[in-house]
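The values are calculated or read from the model by the stated rules, or taken from the named source; none is laboratory data. Since the structure is predicted, the reported quantities are computational estimates derived from the model, not experimental observations. FYI the Cβ positions are ideal-geometry reconstructions off the backbone, even for glycines, and counts take in every protein chain you see. Calculation scope for accessible area: heavy atoms of the full protein, side chains included, ligands and nucleic acids excluded. Shrake-Rupley method; radii C 1.70, N 1.55, O 1.52, S 1.80 Å.
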Amino acid sequence: HGAPGDQYHLLIGTLTETVIFEADFNGGLPAGWLASGFWHEATTACAGSDGCGEGGVMYFGQDATCDYDDLEAVSGALRSPVINLDGVAGPYQLSFCSHLETENESAYDIAQVELNSEILERTPDGGWQTRVIDIDSISGDTATISFTFDSVDDFYNTYTGWHIDGVQLVAQGVDCTDPDPCAGDVDGSGFVDTDDLLVVILF
């Protein structure tokens with residue numbers, strides 16, 4: 001009793017990841033990237049060895065003092081070129097290497113990751129770590145990734161600041177060739193994602 005009227009057959013395929021965009025900073029600021037404020041290409045001297053790679057990183061801070069203290073509030077953005085998403089279905093996953101040291105107060109020293117000017121996360125303080133952000137969908141056929149930092153005030157800015165490396169955006173999917181399209185594509189969108197799972201759960 002109480003069984004749903006509709007039945008769905010799900011075929012389990014192979015999870016796939018398609019790299020849409022990636023960048024390291026071994027050769028300085030890559031073509032198409034924009035950097036403002038204290039953002040610049042640097043070594044890992046102020047943050048210690050990069051546990052996520054080797055070579056150069058991007059740094060919001062000052063190499064000479066290993067901080068972002070400038071006797072006034074400071075801010076800046078590290079922004080990727082426009083990424084073409086035409087023909088690449090989601091969901092997506094953004095990953096990057098981060099080393100962040102601030103006064104760790106919620107209203108100050110704000111380090112954020114943005115996609116098309118929408119905030120994905122406020123990155124927490126911590127030593128070198130790989131941050132992974134799941135993105136269900138992206139509106140439009142293009143994407144721009146930004147790493148923004150704002151000290152908000154000119155107090156307690158003698159911390160190391162923010163180091164970024166190994167930026168990568170991938171599209172996630174399920175590869176199945178028999179039948180075609182995938183039987184798991186319950187909602188007929190052309191790919192298997194969380195929306196298909198929700199259909200099965202809710203109905």
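Here is a yes/no grid of residues against (1) surrounded by fewer than 20 Cβ atoms within 10 Å (Cβ to Cβ); (2) modelled with pLDDT of 95 or more; (3) in a loop (DSSP other than H, G, I, E, B); (4) out of contact with any helix residue (DSSP H, G or I) (no Cβ under 9 Å at 6 or more places or on another chain):
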{"site": "Ser98", "(1), (2), (3), (4)": "no, yes, no, yes"}
{"site": "Glu105", "(1), (2), (3), (4)": "yes, yes, yes, yes"}
{"site": "Ala111", "(1), (2), (3), (4)": "no, yes, no, yes"}
{"site": "Gln129", "(1), (2), (3), (4)": "yes, yes, no, yes"}
{"site": "Val132", "(1), (2), (3), (4)": "yes, yes, no, yes"}
{"site": "Ser139", "(1), (2), (3), (4)": "yes, no, yes, yes"}
{"site": "Thr148", "(1), (2), (3), (4)": "no, yes, no, yes"}
{"site": "Asp154", "(1), (2), (3), (4)": "yes, yes, yes, yes"}
{"site": "Tyr159", "(1), (2), (3), (4)": "yes, yes, yes, yes"}
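Against the conditions (1) at pLDDT 95 or above; (2) within 18 Å of the chain's Cα centre (by Cα); (3) open to solvent by less than 40 Å² (accessible area, probe 1.4 Å), Gly53 satisfies every one except (1).
Restricting attention to the range 161-185 and to residues that are open to solvent by 40 Å² or more (accessible area, probe 1.4 Å) and in contact with a Ser or Thr (Cβ under 6 Å, 6 or more places away or on another chain), the residue that is modelled with the lowest pLDDT turns out to be Asp175.
Any residue at all in the range 76-91 that is open to solvent by 50 Å² or more (accessible area, probe 1.4 Å), touching a Phe, Trp or Tyr at 6+ places or on another chain (Cβ under 9 Å) and in a loop (DSSP other than H, G, I, E, B)? Among the residues of the range 76-91, not one is open to solvent by 50 Å² or more (accessible area, probe 1.4 Å), touching a Phe, Trp or Tyr at 6+ places or on another chain (Cβ under 9 Å) and in a loop (DSSP other than H, G, I, E, B), which makes the answer no.
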